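First the structure, in the form of structure tokens, and then the observations on it.
The values are calculated or read from the model by the stated rules, or taken from the named source; none is laboratory data. Just so it is clear, the model here is predicted, and its values are computed rather than measured. For neighbour counting, all protein chains shown are included, and Cβ atoms are generated from backbone atoms with ideal geometry for every residue, glycine included. In case anyone asks, the SASA skips ligands and DNA or RNA and just uses the protein heavy atoms, side chains included. Shrake-Rupley method; radii C 1.70, N 1.55, O 1.52, S 1.80 Å.
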Amino acid sequence: MRRKDREMSKEFGLEVIDKARYGVISMIDEYNEPYGIPLSIVRDKSTLYFHSAMDGRKVKIFEKNPNVSISFIGEIKIPEKYTKGELDEIAKDESKAVLLISSVFTTEYESAVVKGKVRLVEDEEEKIKAMRLICEKYTSTKMDYFDIAVKSGLKRTNIYEVEIEEITAKRKKYDKNGEEMKWGRME
């Protein structure tokens, strides 16, 4: 990680995964070409689960090369550190222009990147558990209908798992005084 001053803990990265609406899984296809797609991913301890059709490009890639990287984005926010009057004053002095780049035209963010190997889940009990976790995260208000849906859909769905082999997390955030919180500082 180039910006070690923004590195966060493994636990922080796991929290980012849990609140992320999706993860982007990246892989290399049989032609050595990169391929990445967003997926609905859920975590259970150190295992990530997602579902897929039973055929398609990613399915074929996973069969030949199970190595993947998955990126997650947590909260993103544009910091509001200066009033319009303060920005007008900064704009009058070219020597202060660097403030515009570092503190105005920037974003606060949280991210986590996981490396691991994809494995097709074959055990029906584990498949149902994974689908339940996915549905609880993404369609929690519809869980009364889960059992009937999973009964009809499970035989047409692949479930994959990725054991987290490596996780890195990063954050850029400002405190209430407008100072960047670095080196894992939480508040």
### Message
I need a count of the residues in the stretch 120-151 that are under 30 Å from LYS64 (Cβ atoms) and open to solvent by 100 Å² or more (accessible area, probe 1.4 Å).
### Response
3
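For the stretch 131-180, how many residues are assigned to a strand (DSSP E or B) and among the hydroxyl-bearing types (Ser, Thr, Tyr)?
Of the residues in that region, 3 qualify.
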### Query
What number of residues within the stretch 143-187 are within 24 Å of the chain's Cα centre (by Cα), closer than 30 Å to GLU122 by Cα and not aliphatic (A, V, I, L, M)?
8
#### Entry: Residue ranges of strands (runs of 3 or more DSSP E) in the stretch 1-85 with at least 1 members of a type in the set (D, E, K, R) and surrounded by 18 or more Cβ atoms within 10 Å (Cβ to Cβ)
42-44
### Query
Could you say whether any residue in the stretch 176-187 is touching a Lys or Arg at 6+ places or on another chain (Cβ under 8 Å), of a type in the set (D, E, K, R) and at pLDDT below 90?
yes
### Query
Of all the residues that make up the stretch 1-38, how many are under 13 Å from VAL118 (Cβ atoms), in contact with a Ser or Thr (Cβ under 9 Å, 6 or more places away or on another chain), hydrophobic (A, V, I, L, M, F, W, C) and touching a residue at least 24 places away in the same chain (Cβ under 8 Å)?
2
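Give the number of residues within the stretch 103-128 that are within 12 Å of HIS51 (Cα to Cα) and either outside any strand (DSSP E or B) or under 17 Å from the mean Cα position of the chain (by Cα) (or both).
Of the residues in the stretch 103-128, the ones within 12 Å of HIS51 (Cα to Cα) are 118-121, 127-128.
If we keep only those that are either outside any strand (DSSP E or B) or under 17 Å from the mean Cα position of the chain (by Cα) (or both) as well, we get 118, 121, 127-128.
Selection size over the stretch 103-128: 4.
So, of the residues in the stretch 155-175 that are open to solvent by less than 60 Å² (accessible area, probe 1.4 Å) and over 24 Å from SER46 (Cβ atoms), which turns out to be modelled with the highest pLDDT?
We begin by selecting, within the stretch 155-175, every residue open to solvent by less than 60 Å² (accessible area, probe 1.4 Å); these are 157-162, 164, 167-172, 174-175.
Among the residues that remain, those that are also over 24 Å from SER46 (Cβ atoms) are: 172, 174-175.
Values: LYS172: 88, TYR174: 83, ASP175: 83.
My answer is LYS172.
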#### Entry: Residue under evaluation VAL98, criteria (1) buried (at least 16 other Cβ atoms within 10 Å of the Cβ); (2) among the hydrophobic types (A, V, I, L, M, F, W, C); (3) more than 23 Å from GLY13 (Cβ to Cβ), criterion not met
(1)
### Message
Here are the criteria: (1) in contact with a helix residue (DSSP H, G or I) (Cβ under 8 Å, 6 or more places away or on another chain); (2) at pLDDT below 95; (3) among the acidic types (Asp, Glu). Tell me which single one GLU136 does not satisfy.
### Response
(2)
